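Taking it in order: structure first as structure tokens, then the write-up.
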Amino acid sequence: MTPDDLLELARSITSQANDNEQMEVACSHGRSTSVKVYQGEVESFTSAESLGIGIRVLVDGREGFASAGNLSPDVVERVLADARDNARFAEPDEHAGIAEPDGVEAQEVDLWRHGVDAMSSEDKIATALELERRVVAADDRIRGVRTATYGDGTGAFALASTAGIEAATRSSSAQVAVQPLADDGERTRTGFGWDGARQPQDLDMDYVVDRAVSRTVDLIGAVKPQSSTVSLVLDPNLTATAIGLIAGTLSGERVLKQRSPFAERVGERIAADAVTFLDDPTDLESLGSDSHDGEGLACRPVPLVTDGVLQGFFYDSYNGRKADKASTGSAMRGVRGLPGPGVHALHVAPGEGTMEELIAGVDHGVYVFSLDGLHSGVNAVSGDFSVGATGRMIRNGQLAEPINECTLASTLQRMLLDITRVGGEVTHLPNGASTPPLVIGEVALSGANA
């Protein structure tokens, strides 16, 4: 179904709203392909199609929601009846309600490319097989891959509400990923490479192969380092991980629940002067760009930290009402769930210096390859974190021996203040983030005892 078809369906349902009802209807239609190969053979091939609808009904502050994976008229009728029934039994909430138009104009964003639909299943399989072949052939020390995958998807989404909000979009995406394996006599070393784009023709296969192979063979002979205090050099991918963790704590929902270490600190300096980041779905170079949020409001830049100073938080309409703030157009949702605030396209402003120059400026540090245990090792309420790491030591501005079996510990608050340099080149990543490399000083590295 096209976005226009879905929008017409959503309109027809909202037109059935009673005078005392607020109603919001979201519909979607998607197709996806997933290919996994191993040792030159197809391990799995999945092609799927999905339909979805979610209906919110609000009466006198009581909210009901229901969803289904079918758009046939009888199913849609039942979903609407269920949403109304659920509203009858809900507890009243003075802040409940659908989004109201706020006058912000949506930008035009083209999220669609024809390359996904134009590519045959045979060519999608061939892409995954070729990725595996190239990785194995790139270095004699690579003995195989744990997995090599290709995936893509196309989707259409539409939303309409009794407040007069309407939005309809379509999008496409493609991605590849590979995990090479190398033996160093004692254990198997594993690296990782991936890329994403709007269509398969725009995937950078050379980058994926080079990154996956280098991150694997560079760990051969890795040792457990001596415990010390180090500076960390993060490439753009890990900058997105680190700053993304912090941005996640700036959700208006977390702040209202007192589950953010930065609650009540708007206008205060929480980071080094060189640090500026925002959510910017209007950046057309970002794969996270979008025209509308999950409630149909126009996406817009949302400043979070500017020159080290906390500017504010991001909200959907519900949490905005609770905080007596306007929505920042930050609602995210699938059709089978309710909207909640989230970051669409994290952007960290660049500073100066190449990756090589950042490394050259570090006397004692770690060039980090990967961080492990982020979900269990980071406390988003207190800000404490302790995560596993692999990478290479830096001594006197030079890369030294590879390391693993070590832990990095600090707090999110301290990490922001200890950022000493921000690199000068922003990379647009497959996850929608746009970030430069950076250096963080004064982080505790726990390894072998001195």
*Out of all the residues in the stretch 255-262, is one or more closer than 30 Å to Ser161 by Cα, in contact with a strand residue (DSSP E or B) (Cβ under 8 Å, 6 or more places away or on another chain) and crowded, with 20+ Cβ neighbours inside 10 Å?*
no
*Check on Asp418, at pLDDT 95 or above and under 25 Å from the mean Cα position of the chain (by Cα)*: yes
*For the stretch 370-384, what are the residues that are within 14 Å of Cys406 (Cα to Cα) and more than 19 Å from the chain's Cα centre (by Cα)?*
none
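Considering Arg336, Arg265, which residue is over 15 Å from Gln107 (Cα atoms), in a loop (DSSP other than H, G, I, E, B) and free of Cβ contacts under 8 Å to residues at least 60 places away in the same chain? First the steps, then the outcome.
Working: Arg336 fails: free of Cβ contacts under 8 Å to residues at least 60 places away in the same chain.
Result: Arg265 is the single residue among Arg336, Arg265 that is over 15 Å from Gln107 (Cα atoms), in a loop (DSSP other than H, G, I, E, B) and free of Cβ contacts under 8 Å to residues at least 60 places away in the same chain.
Only one of these is at negative phi, hydrophobic (A, V, I, L, M, F, W, C) and surrounded by 15 or more Cβ atoms within 10 Å (Cβ to Cβ): Ala326, Ala360, Ala331. Name it. Walk me through it before giving the result.
Details: Ala326 fails: surrounded by 15 or more Cβ atoms within 10 Å (Cβ to Cβ); Ala360 fails: surrounded by 15 or more Cβ atoms within 10 Å (Cβ to Cβ).
None of the others qualify; the one that does is Ala331.
Of all residues being β-branched (Val, Ile, Thr) and outside any loop (DSSP other than H, G, I, E, B) in the stretch 69-98, which is farthest from Val57 (Cα to Cα)? Just the residue, please. Lay out the reasoning, then the answer.
Taking the stretch 69-98 and keeping what is β-branched (Val, Ile, Thr), we get 75-76, 79, 98.
Checking the rest, the ones that are also outside any loop (DSSP other than H, G, I, E, B) come to 75-76, 79.
On the way: Val75: 16, Val76: 14, Val79: 11 Å.
Looking at residues that are β-branched (Val, Ile, Thr) and outside any loop (DSSP other than H, G, I, E, B), I get Val75.
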*Considering Val230, Val209, which residue is under 22 Å from Tyr367 (Cα atoms) and not in a strand (DSSP E or B)?*
Val209
*Kindly check whether there is at least one residue in the stretch 64-82 that is surrounded by 13 or more Cβ atoms within 10 Å (Cβ to Cβ), touching a residue at least 60 places away in the same chain (Cβ under 8 Å), among the polar types (S, T, N, Q) and touching a helix residue (DSSP H, G or I) at 6+ places or on another chain (Cβ under 7 Å).*
yes
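Only residues that are aromatic (Phe, Trp, Tyr) and either outside the structural domain of Gly153 (by TED's automatic domain parsing) or out of contact with any Ser or Thr (no Cβ under 9 Å at 6 or more places or on another chain) (or both): list them for the stretch 85-137, please.
Phe89, the sole residue that qualifies.
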*Could we say that Glu268 is of a type in the set (Asp, Glu), at pLDDT 95 or above, assigned by TED's automatic domain parsing to the domain that holds Ala444 and within 21 Å of the chain's Cα centre (by Cα) here?*
no
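Okay, residues lined up against (1) more than 24 Å from the chain's Cα centre (by Cα); (2) closer than 28 Å to Ala167 by Cβ:
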| site | (1), (2) |
| --- | --- |
| His95 | yes, yes |
| Ile98 | yes, yes |
| Pro101 | yes, yes |
| Gln107 | no, yes |
| Trp112 | no, yes |
| Gly115 | no, yes |
| Ser121 | yes, no |
| Leu129 | yes, no |
| Arg133 | yes, no |
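Answer yes or no: is there a residue in the stretch 36-44 that is polar (S, T, N, Q), within 19 Å of Ser12 (Cα to Cα) and part of a strand (DSSP E or B).
Looking only at the stretch 36-44, we keep the residues that are polar (S, T, N, Q), and these are 39, 44.
Still in the list and also within 19 Å of Ser12 (Cα to Cα): none.
No, there is no match, as no residue in the stretch 36-44 is polar (S, T, N, Q), within 19 Å of Ser12 (Cα to Cα) and part of a strand (DSSP E or B).
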*Out of (1) basic (Lys, Arg); (2) in contact with a helix residue (DSSP H, G or I) (Cβ under 9 Å, 6 or more places away or on another chain); (3) part of a loop (DSSP other than H, G, I, E, B), what's the single condition that is false for Arg421?*
(3)
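Residue-wise test of (1) over 18 Å from Thr249 (Cβ atoms); (2) free of Cβ contacts under 8 Å to residues at least 60 places away in the same chain; (3) in the same structural domain as Leu234 (by TED's automatic domain parsing); (4) not aromatic (Phe, Trp, Tyr).
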| residue | (1), (2), (3), (4) |
| --- | --- |
| Ala360 | yes, yes, yes, yes |
| Tyr367 | yes, no, yes, no |
| His375 | no, yes, yes, yes |
| Asp384 | no, yes, yes, yes |
| Ala389 | yes, yes, yes, yes |
| Ile394 | yes, no, yes, yes |
| Gly424 | yes, no, yes, yes |
| Gly432 | yes, no, yes, yes |
| Ala444 | yes, no, yes, yes |
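If you take the residues in the stretch 17-42 that are surrounded by 12 or more Cβ atoms within 10 Å (Cβ to Cβ) and over 27 Å from the mean Cα position of the chain (by Cα), which one is farthest from Ala156 (Cα to Cα)? Even if it seems obvious, please write down each step before you answer.
So the first thing to find is which residues in the stretch 17-42 are surrounded by 12 or more Cβ atoms within 10 Å (Cβ to Cβ), and the list is 17, 21-38, 42.
Now narrow it down to the ones that are over 27 Å from the mean Cα position of the chain (by Cα): 17, 21-23, 38, 42.
Details: Ala17: 24, Glu21: 27, Gln22: 24, Met23: 21, Tyr38: 32, Val42: 29 Å.
Among them, the one singled out is Tyr38.
The values are calculated or read from the model by the stated rules, or taken from the named source; none is laboratory data. Since we're looking at a predicted model, the values are computed, not measured. Here Cβ is always computed from backbone atoms with ideal geometry, including for glycine, and neighbour counts include all displayed protein chains.
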